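The values are calculated or read from the model by the stated rules, or taken from the named source; none is laboratory data. Note that the coordinates shown come from a computational prediction; the quantities given were computed from them, not determined experimentally. Heavy atoms of the whole protein, side chains included, go into the accessibility calculation; ligands, DNA and RNA do not. Shrake-Rupley method; radii C 1.70, N 1.55, O 1.52, S 1.80 Å.
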Amino acid sequence: MSWEVSLGGFVVGLLIGLTGMGGGLVMTPMMIFLFGVSPTVAVGTDLLYASITKIFGGYQHWRQKTVDWTVVKLLSIGSVPGAFLGSMTILYLQSLYVDSVEGIVGRMLGFTYLLIAFVMIFRMFKKQKTAADNGEPIKPDKKKMITLGLIGGFIVGLTSVGSGTLFMAFLLLIYPVAASRLVGTDIVQAVLVTGVAGIAHLAIGNVNLPLVGFLLLGSIPGILIGSRMSLKIPELAVRSCLFLMIFLSGFKMLFN
């Protein structure tokens, strides 16, 4: 089944390159529904895989100077402990509900997918003003950034999703600067938050390391190709298909 897993990694990497999102949103349900991985192991495996994959994107954005390091620092103050807390919550649930934890995590994932699906719809139809539109410099609000980091990090540690879509959606609302700068900033802080959560899940035994390796074989070239294709394929078309898949996956996991 190794080539199928690498192909899945390639598809997800392609989506991340095309849209800047789609990692945990697609990879986790793919592992659960197509490869038969349990929800808790799918969460941990996806987190570790995502942290390694996004290093490549973060490096590219660092090279082209589209990373706001002040925002990365503020978000990380909240997201790193938040991600650790979310991961420890999984460990607590495993000890408390030994027989039913997979169903609990599955429903948490379903709820999160539906939440993010509606956030995606909001993003599709609401155009935000940027600093360039206003002609005024925008400074990040420290309290809002740290709070966003804490809440977002907890969700990422708990469900493995949100490091791209959820953070980006709220960054658009509270820090409306150039899109390329938002994407670069989000990817770099996502390396940190998914890395911390992934290591925590690895420590508690919720990571399938061979699966991580096969996924990376496909995802790294997928990201590189998707980044080049992003200028040719309409973003709205890709995001619309992604929304439908996320909504259906969330509905199935929540009400299964």
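Observations on the structure shown:
- Solvent exposure of the stretch 191-231 as accessible area per residue, Å², 1.4 Å probe: 47
- Solvent exposure, largest accessible area first (probe 1.4 Å, DNA, RNA and ligands not counted), of 144, 139: 139, 144
- Spherically averaged projected area in nm², based on the convex hull that wraps the Cα atoms of the stretch 11-85: 5.7
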